[in-house]
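What follows is a set of notes on a single structure, which appears directly below.
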Amino acid sequence: MLSRLSAGAFKKAASAGPSRSSTLFFGARSASVRFASTKASAESFVASRTALVAASAVAVGSIAWYTQLYGSLPFLSEVHASHLSDEGLHPVAYPWSHKGVLDTFDHASIRRGYQVYREVCAACHSLDRIAWRNLVGVSHTADEARAMAEEVEYTDGPNDQGEMFQRPGKLADYLPGPYPNEEAARASNGGAMPPDLSLIIKARHGGADYLFSLLTGYIDPPAGVEIREGMNYNPYFPGGAISMPRVLFDGLVEYDDGTPATTSQMAKDVTTFLSWAAEPEHDERKKYGIKAVIIFSTLFVISVYVKRFKWGPIKNRKLFYNPPSSTTKTH
Amino acid sequence: MSLANTAYNIFFKRNSVFVGTVFAGAFAFGVAFDIGVTKFYDSWNRGKQWKDIRHKYVQEE
């Protein structure tokens, strides 16, 4: 505000009279009350050139700082040449079996989801942060996990000849990825990188709801939307054009517990599996949550009681003042 | 009054006994609390956890 005024205007305001300048800068004080120091200090500093320069510098500096930080001028709305679809369709909130604050994962679903990951997604996506041993006691027995690990060959070594060698996997090995490096992954997927799925649920807005919607959301592009060769249309993916084709189709896998493998069933199971992979501590965490809430609310109630107990006598005491009975007034 | 007296004589009179009571009480409470919460948690989530479906997959030798 101050910086918009020219120096001349400012001077005029200052010289218009003491009452003017004092109401401008000390509006709270009534004009009729005059303090000895008011006039002198108002004219000596607030109306000075230094103050004007300093205020202008502060204003310019903060605007420059804002612009540098946020990339646009403050208080000016902008016009964007983008469309809401560039943000991706928002997924609906699904009633996940592990959604409530007291709910564990559905481990039968984790087991089926592992199967979907292994038979479908693992062709393109790695799951670097999960080792075979992590599946033990979650979705598979130790024997099953060991047998699955042994089906995979791992490079180990060096041996005492200094050579690397191949050996069957162990429980301590991590799940193998489909590609040796990122370049190979891109080369096989038209330049797009299939991201590692270990933490994908935490890494995307909408989490599990987004993933489920993405996997089941493939549709034909609406009129007017052009999708490049090798790309696919999915309204949930920001921008709409995704390199990953629709991968889940009814009956693609055969579940060993007899659950019908519909597209949505597989999407739900693999999403539950990946939710677990992103948060293996989930079940234990919620159990500790229950304990913490019980203990801390009990301690809180106790502390309130103790406070009232200690303060009761102090707050309820009555103080009597008995003036000295005297007829002669003394001081 | 005699109950309070008995309690005083048993638990509070000697500091060593008092401290021991606190430690033993904390231990017992910890175990009991854990059992109680786990029981509730398992019944709330009946059929969902690994221990509920494990029997379908283990082969006992």
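The values are calculated or read from the model by the stated rules, or taken from the named source; none is laboratory data. Keep in mind that what you see is a predicted model, and the values were worked out from it rather than measured. Here the Cβ positions follow ideal geometry from the backbone for every residue, glycine too, while neighbour counts run over all protein chains shown. What goes into the accessible areas is simple: the full protein's heavy atoms, side chains included, and nothing from ligands, DNA or RNA. Shrake-Rupley method; radii C 1.70, N 1.55, O 1.52, S 1.80 Å.
List of remarks:
- All positions within region A:104-120 that are small (Gly, Ala, Ser) and either out of contact with any helix residue (DSSP H, G or I) (no Cβ under 9 Å at 6 or more places or on another chain) or open to solvent by 10 Å² or more (accessible area, probe 1.4 Å) (or both): A:ALA108
Matching residues to (1) open to solvent by 40 Å² or more (accessible area, probe 1.4 Å); (2) part of a helix (DSSP H, G or I):
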residue: A:ALA122; (1), (2): no, yes
residue: A:ARG129; (1), (2): yes, no
residue: A:ASN134; (1), (2): yes, yes
residue: A:ALA145; (1), (2): no, yes
residue: A:ASP160; (1), (2): yes, no
residue: A:LYS170; (1), (2): yes, no
residue: A:PRO180; (1), (2): yes, no
residue: A:ALA184; (1), (2): no, yes
residue: A:ALA187; (1), (2): yes, yes
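- Residue count for region A:147-158 satisfying the condition of being surrounded by fewer than 17 Cβ atoms within 10 Å (Cβ to Cβ) and within 13 Å of another protein chain (Cβ to nearest Cβ): 1.
- When residues of region A:95-120 are limited to those that are closer than 26 Å to A:GLY251 by Cα and in a loop (DSSP other than H, G, I, E, B), the one nearest to the other protein chains (Cβ to nearest Cβ): A:ASP106
- Qualifying residues in region B:19-48 (those that are under 13 Å from the mean Cα position of the chain (by Cα) and closer than 16 Å to A:VAL101 by Cα) - the one nearest to the other protein chains (Cβ to nearest Cβ): B:VAL37
- The single condition among (1) open to solvent by 100 Å² or more (accessible area, probe 1.4 Å); (2) part of a loop (DSSP other than H, G, I, E, B) that A:GLN68 does not meet is (2).
- B:LYS51 meets all of the listed conditions (1) assigned to a helix (DSSP H, G or I); (2) at the interface with another protein chain (Cβ under 10 Å from one of its Cβ atoms); (3) surrounded by 11 or more Cβ atoms within 10 Å (Cβ to Cβ); (4) not aromatic (Phe, Trp, Tyr) but one, namely (3).
This table checks each residue for (1) more than 14 Å from chain B (Cβ to nearest Cβ); (2) among the charged types (D, E, K, R); (3) part of a loop (DSSP other than H, G, I, E, B).
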| site | (1), (2), (3) |
| --- | --- |
| A:ASP257 | no, yes, yes |
| A:VAL270 | yes, no, no |
| A:LEU274 | yes, no, no |
| A:ALA277 | yes, no, no |
| A:LYS291 | no, yes, no |
| A:PHE296 | no, no, no |
| A:PHE300 | yes, no, no |
| A:PRO323 | yes, no, yes |
| A:SER326 | yes, no, yes |
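- Evaluation of A:CYS124 against the conditions (1) within 14 Å of another protein chain (Cβ to nearest Cβ); (2) in contact with a helix residue (DSSP H, G or I) (Cβ under 8 Å, 6 or more places away or on another chain); (3) within 17 Å of A:THR271 (Cβ to Cβ) shows that the sole unmet condition is (1).
- Any chance B:PHE29 is open to solvent by 100 Å² or more (accessible area, probe 1.4 Å) and part of a helix (DSSP H, G or I): yes
- Residue within region A:212-235 that is within 14 Å of chain B (Cβ to nearest Cβ) and either surrounded by 19 or more Cβ atoms within 10 Å (Cβ to Cβ) or of a type in the set (D, E, K, R) (or both) present: no
- Here A:SER97, A:SER77 are screened, and the one residue that is touching a residue at least 40 places away in the same chain (Cβ under 8 Å) and open to solvent by 20 Å² or more (accessible area, probe 1.4 Å) is A:SER97.
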